[in-house]
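Below: one structure, written as structure tokens.
The values are calculated or read from the model by the stated rules, or taken from the named source; none is laboratory data. Bear in mind that the values here come from a model prediction, so they are computed numbers and not experimental data. Cβ placement follows ideal geometry from the backbone for every residue including glycine, while neighbour counts extend to all protein chains displayed. Just the protein is used for accessible areas: all its heavy atoms, side chains included, with ligands, DNA and RNA removed. Shrake-Rupley method; radii C 1.70, N 1.55, O 1.52, S 1.80 Å.
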Amino acid sequence: MEIKPIKNEVDYETTLKEIELLFDAAPDTPEGDRLEVLTTLVEAYEERHYSIPMPDPIEAILYHMESRGLTRRDLEPYIGSRARVSEVLNRKRQLTMEMIRNLHKGLGIPAEVLIQPYHTFRDAA
């Protein structure tokens, strides 16, 4: 089983094609082991070359609301009053640590997304 590192796009595409051929390989067989190793190499290559940045915290909240049919009122237990929710979603106020904890615990939005710095309109003033 000759396996080489993925060093460029040609290697990457070739490895993806081989993975596709091995996709139905049974675990704990030579083909299954090869599939596992090639998949690991592809994941490492993609992490280095195609990393996806985390979403903006406000965009993540808005996406979460839309995908789950939530309204601004549904955010009040996690952020505060209707006015406070409006300020946060309209980027006039930053999320506080308490809001971040509440959104993470109550709605399952990843804390590592919510704690990122982001632009507010107060920043421009």
What are the residue pairs meeting all of these: first residue in the stretch 68-89, first residue at positive phi, second residue surrounded by 14 or more Cβ atoms within 10 Å (Cβ to Cβ) and modelled with pLDDT of 95 or more, Cβ atoms under 8 Å, and 6 or more apart or on different chains?
G80/M99
Just a yes or no: is a residue in the stretch 82-96 open to solvent by less than 80 Å² (accessible area, probe 1.4 Å), at pLDDT 95 or above, in contact with an Asp or Glu (Cβ under 8 Å, 6 or more places away or on another chain) and over 17 Å from T120 (Cβ atoms)?
no
Condition met for Y63 (among the aromatic types (F, W, Y), closer than 30 Å to P5 by Cβ and not in a loop (DSSP other than H, G, I, E, B)):
no
Hey, could you check the stretch 31-67 for residues that are within 30 Å of T96 (Cα to Cα) and free of Cβ contacts under 8 Å to residues at least 12 places away in the same chain and say which is surrounded by the most Cβ atoms within 10 Å (Cβ to Cβ)?
M65
Taking the stated definitions as given, is H104 part of a helix (DSSP H, G or I) and either out of contact with any helix residue (DSSP H, G or I) (no Cβ under 9 Å at 6 or more places or on another chain) or farther than 30 Å from E2 by Cα (or both)?
yes
Only one of (1) part of a loop (DSSP other than H, G, I, E, B); (2) free of Cβ contacts under 8 Å to residues at least 60 places away in the same chain; (3) not aliphatic (A, V, I, L, M) fails for Y118. Which number is that?
(2)
Pair list, Cβ under 9 Å, 6 or more apart: the stretch 11-29 residue closer than 15 Å to E46 by Cβ, other residue part of a helix (DSSP H, G or I) and among the acidic types (D, E)
Y12/E46
Does the stretch 1-20 contain at least one residue that is farther than 20 Å from H119 by Cα, open to solvent by less than 50 Å² (accessible area, probe 1.4 Å) and among the charged types (D, E, K, R)?
yes
